[in-house]
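What follows is calculated from the coordinates using simple rules that are stated; it is not laboratory data. Predicted model only: the values in this text are computed from it and were never measured. Note that we place each Cβ from the backbone using ideal geometry, even for glycine, and neighbour counts take in every protein chain shown.
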Amino acid sequence: MTASPISHTLRPLAVLALLGIAAFPIYWMVVTSMTPSSELFAERPNLLPSLGQISIYGEVFRTIPVARWLWNSFVVAAGTTVFSILLAILPAYALSRFRFTGIAILGFALFATQMLPEAMLVVPLYSIFGKLSLLNSLFGLILANTAFVVPVITWIIKGAIDGIPLEVEEAARMDGCSRIDIVLAIVLPLIAPTLAAAAVISFFHGWNEYVFAQTLISSEQLRTASVGLASFVGELSTPIHAVMAVGVMYTLPAVIFYLFAQRYVVAGMTAGSVKG
Amino acid sequence: MKKVIRGIMLATTTVLATAGYVSATFAKDKVTFAAAVFAEAGRGDRVRAWIDTFNKGQDDVEVEPVAIPFSSLANTVFTQMGGGGGPDLIRFDQTDFFAAIPSGRLLPLDNLINEANFKFLAPDRFMKVDGKRYGLLFDTTGYALLYNTKLVPTPPTDFETFLKDAKAQTKEGTFGYAYRATMAERAGFWQDVTNFVYGFKGRWSDGKGKLTLNSPDVVAGIAAYKAVYDAEIIPKGADAATYRRMFWEGKIAMNVDNGGVAAIFNQNAPDLPFKVAPSPFPDKAQGLIMTALVINANSKQPKAAAKFLNWAYAPANQSALLQAMGTNVGTDVPLTPEQTAARPWLAAYAKAMENALPQVVQGFEDKTPEIQQIVLEQVLQVLQGGASPQQAMDKAQALAERRVRR
Amino acid sequence: MADLRPSEVRLEGNSWTPYLFAAPVAIYLILFQFYPLAQEFYLSFTSTDLLRPDDNPFVGLDNYAFLFEAGDLHNVLWITAIYTVCCVVFAVGFGLLAALLLDAPFIGRGVARALVTIPWAAPSVAVALVFTWMFNAQYGIFNHGLRALSLPFGAENWLDNPLLALPAILFTTVWQIFPFSSVVILAALQGVPHELREAAAIDGADRFNIFKIAVWPTIQPTVFMLVLFVTIWSLRRFDLIWLMTQGGPIGATNTMVIELYRQGFVYRDLGSAAAIGMIGLTVALVVTVIYFKVTLAAERAQGKR
């Protein structure tokens, strides 16, 4: 691709602008968490964090069970990721390769479920979970989150499978592979980038989910970070420094997860041929 | 690929094993106590410590405090109660308390606690509906004028002087006053409007089953609210958390607010020179904040919960609770001179409570949220939409009557 | 390669296989989504209190009637429509631009891609708090910036102004959701055949035409699917709006989900909330049907090319 000198400088600038927009509010969270209370209402805003205030992070870590919250959030997010991908692979394959009665219904049903707001479902879900003894457990929360995420990633994985030429599978069938083997050993590696994307989507959903985490979990030991953060917003006052500090601590692990998931994408690309 | 699958299996098992962890059973009866205050900066830890003294002092019952975010306390707990579960003990604010009663979700307490043993404060009478007691007054406070003595040496005693003082103080980054005027803070917005309305002798209903949203006194209160808005003396759009912080950083001169806020100011800025005076309105009546400590009708441990209640209302423990909360508690607690000196605002607020009225619409308690929404939207029309107070309140009256008739 | 339709291929196998493949998901969804949905459908015809969800006196169409008459429904639908359309256009558009920018190789690309997911990773509560603070009329950084640029405005009450509240909420929402589009489109971009790109470049096509001929056809299905998902999700987005404006001021940001939440959890009227939910579901269904018709027509047109 011929690149002109203009685009050579334009591209990096555009990328920087993009990163700036994406990261600025988080940067602002960092700054706010470290701006002394008296300077929050100054005439000229502090654009840089006052590094002397960095002790707030240590303090927050000590006095507030942030580590436990983050761990619970991690368990829920990881569980949602694993569960939803496992559940989604087979239907995605079926939607892509098979024509059978009910496939249209399944496909449409997967969409229909996305139209339901969590607020609407939480009341009946609470009583179903009560009957199944799934209340107040992270496992129950994982199940609830998975139900919401599976439709999206099923469709995304289906889209990726659509792009794999059938000759590849037919060749494997000639060799006598069973359908399951084909799916696991041949199809999956070829859609690695999409699987990584699916993993990221499920992880982020489980990580940030609030409504179910709030209602289905009643013990403080099992509280996730999303609910923990909300509990700071008090009746009478909000400790803005602590809230922003916890907010920053809450954002970083998910970003790091994406960094790792991305590595896998790159490895997946160089290992197998995706481009047809 | 096989390695990856094995890795996934291992990960799944680990995750599920951790997630399925079940906590060990305790020898004591466990009772959960849900409240928003446990997560509050400063106060939360003190109240938790107070509960801890109960837990350490006996071997039969253990109370587990559960902090629930304030903004979603009602939704969460109501959903859980409706589903047959929920915490054993809950601290509800008045709107939610009155909403929960007709649905039978609160355990009547008449058999579990003997009233004669305790000297409840006057607002405790609201805990009884149709002769049955549904809750115990947990903490209560009134509204009064908090003012920064450096900016306003003498507090105003009537509304005109108040406006004048506030205008004089609005300069160079400082504001004369602050209140809520955004839907994002619906509950607090309602409290502030109610104070103005009560202060101009208005009442939301006549107590006999008729709404009086457009009575002349109520309209006068709304007009006063608008006068403050138009005078440009408030940081418009600021939420309460922000302007309370501005107050203790010395950027706001006056603020009508409740006793809990006075405690917050003192805690965050011990050197802040502020005092408390009666609100600068024609009528002494102001809003009353009261929270109720209730037992969930679904609770499987009512006797254990009752044990905690009896302990909580013993005079010594009430005194400790007052120190922890910073506001008045359910019973009358005599204060030592040192305690009074440490919290000089308590006396002023105790006086304000004498004339205080609940902030629910009397006779329409469980419809209050809908009436709130209607009234506040009309108030916003007055403040930002250019409607006249009379017009707006007539509309509110019509809409509200239609709603409550349903 | 992507033209091969699955329907034109007959893969041999056990005829039970498709059903076995689809069964786990079907059971799962029936239990956790459809059963609650059916319950909500029933509830919408009753008068039910949140605190007594099992007590459902039948009231027929009363909830719906009241909503249409006195429930300000046309404002809610209008706001929801504007919000949804803007979210989709800006979030998918911006996401596409970001994905294209991050597709070409450059140093630090991996880190850049990870940083772009920050908005998505940030928890809604913190995002709501920090943006509310940034929009603050007196001290917010946005207004400081506007004033510094000597622009005529700079003391706006963004979230408190009936005209500016929706744009402010949209800005915050698009910021939070565009990374999702980027991630998905980036994954799809990996499937663009190298040869096609090179061939187009050798033919002397400029950047825009390379995109039109080589890139767009491959990612088009993905982008269309994204549009559908983002549309449906925007119809039900709750957190940010509730935390920042609760539907105010004066209904300027009162979408369907906000109204649903208020009916169900503030007024405790589960019947009316379910009714709004059913109306929302109908809207979403209509949107989905229209979407399928449009994409089917577009695919047919492409097939003819």
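How do A:Val187, A:Val200 rank when sorted from fewest to most other Cβ atoms within 10 Å of their own Cβ?
A:Val187, A:Val200
Between B:Gly287, B:Gly260, B:Gly104, find the one with the highest GNM mean-square fluctuation for chain B; connect C-alpha pairs within less than 10 Å.
B:Gly104
Only Cα pairs under 8 Å and at least 6 apart count here; give the relative contact order of chain A as a rounded whole percent.
Worked out over chain A, it gives 29 percent.
Where does helix B:73-82 land angle-wise versus the long Cα axis of chain B, in degrees 0 to 90, nearest 10?
50 degrees
Using the Kyte-Doolittle scale, which helices in chain A average at least 0.0 and also have C-alpha atoms spread 18 Å or more along the helix axis, with helices defined as whole DSSP H runs?
For chain A, where a helix must reach 18 Å along its axis and average at least 0.0, the hits are A:5-33, A:66-97, A:118-131, A:138-162, A:192-208, A:240-271.
Sort A:14-26, B:90-102 by the packing proxy (mean of other Cβ within 10 Å over each peptide's residues), most packed first.
Most protected by this proxy first, the peptides run B:90-102, A:14-26.
Could you tell me which residue out of C:Leu146, C:Pro105, C:Phe171 lies farthest along the dipole of region C:57-304 toward its positive end? Charges go on the beta carbon: Lys and Arg +1, Asp and Glu -1, centred on the Cα centre.
Working it through, the farthest residue towards the positive pole turns out to be C:Pro105.
In peptide A:214-226, what is the residue-averaged number of other protein chain Cβ atoms found within 10 Å of each Cβ?
Mean partner shielding for this stretch: 5.
Does region C:15-70 classify as rounded, prolate or oblate by the C-alpha gyration tensor (a ≥ b ≥ c root eigenvalues; a/c under 1.5 gives rounded; else a/b over b/c gives prolate, otherwise oblate)?
Taking the square roots of the gyration eigenvalues as a ≥ b ≥ c, region C:15-70 is prolate.
Enter the Cα centre distance for the pair region C:192-228 and region B:174-235, rounded to the nearest angstrom.
Between the Cα centres of region C:192-228 and region B:174-235 lies a distance of 60 Å.
Could you rank the peptides B:232-239, B:176-183, A:57-64 by their average count of other C-beta atoms within 10 Å per residue, with the highest value first?
Averaged packing, sorted descending, gives the order B:176-183, B:232-239, A:57-64.
Per the Kirkwood treatment, what hydrodynamic radius in Å, one decimal, follows for the protein assembly as shown from the mean inverse distance over all distinct Cα pairs?
30.1 Å
Say each of C:Glu195 and C:Val286 gets a label point 7 Å from the Cα, pointing the same way as Cα to Cβ; how far apart are those two points in nm?
4.7 nm
Which percentage, to the nearest 5, of the DSSP beta bridges contained in the protein assembly as shown is antiparallel?
Values: 30 of 42 bridges.
Close to 70 percent.
Counting just the Cα atoms, what span does chain C cover along each of its three principal axes? Round to the nearest Å and put the largest first.
Result for chain C: principal-axis Cα extents of 68, 68, 32 Å.
To the nearest whole number, what is the average tally of beta carbon atoms from other chains within 10 Å of the beta carbons of peptide C:156-164?
Whole-number average of other-chain Cβ neighbours for C:156-164 is 4.
Per residue of B:110-121, how many C-beta atoms from partner chains lie within 10 Å of its own C-beta, taken as a mean?
0
How do C:Ser150, A:Ser55, B:Ser215, A:Ser237 line up, fewest other C-beta atoms within 10 Å first?
C:Ser150, A:Ser55, B:Ser215, A:Ser237
Select from C:Arg52, C:Arg113, C:Arg262 the residue whose mean-square fluctuation is largest in a Gaussian network model of chain C (Cα-Cα springs shorter than 10 Å).
Result: C:Arg52 has the largest fluctuation of those listed.
Normalise the Debye intensity by I(0) for chain A, one equal point scatterer per Cα, no solvent, then take log10 at q = 0.10, 0.14 Å⁻¹ and round to two decimals.
Taken in order of the listed q values, log10 I(q)/I(0) reads -0.71, -1.12.
Anything over 21 Å Cα to Cα? Flag those among B:Lys28/B:Lys300; B:Lys300/B:Lys367; B:Lys167/B:Lys226; B:Lys30/B:Lys132; B:Lys367/B:Lys395; B:Lys119/B:Lys208, in the order listed.
Those over the limit are B:Lys300/B:Lys367; B:Lys30/B:Lys132; B:Lys119/B:Lys208.
Kindly put A:Asp175, C:Asp49 in sequence by how many other C-beta atoms sit within 10 Å of each C-beta, fewest to most.
Ordered from fewest to most neighbouring Cβ atoms within 10 Å, A:Asp175, C:Asp49 come out as A:Asp175, C:Asp49.
What does the charge dipole of region C:57-304 about its Cα centre add up to, to the nearest 20 debye, if the Cβ of each Lys and Arg holds +1 and the Cβ of each Asp and Glu holds -1? Could you put the intermediate results ahead of the total?
Details: 13 positive and 14 negative charges, 82 e Å.
My answer is approximately 400 debye.
Based on a Kirkwood Rh over C-alpha pairs, give the Stokes-Einstein translational diffusion coefficient of chain B at 25 °C and viscosity 0.890 mPa s in µm²/s.
D, rounded to a whole number, is 107 µm²/s.
Please work out the Cα center distance from region B:32-92 to region C:104-181, rounded to the nearest Å.
36 Å
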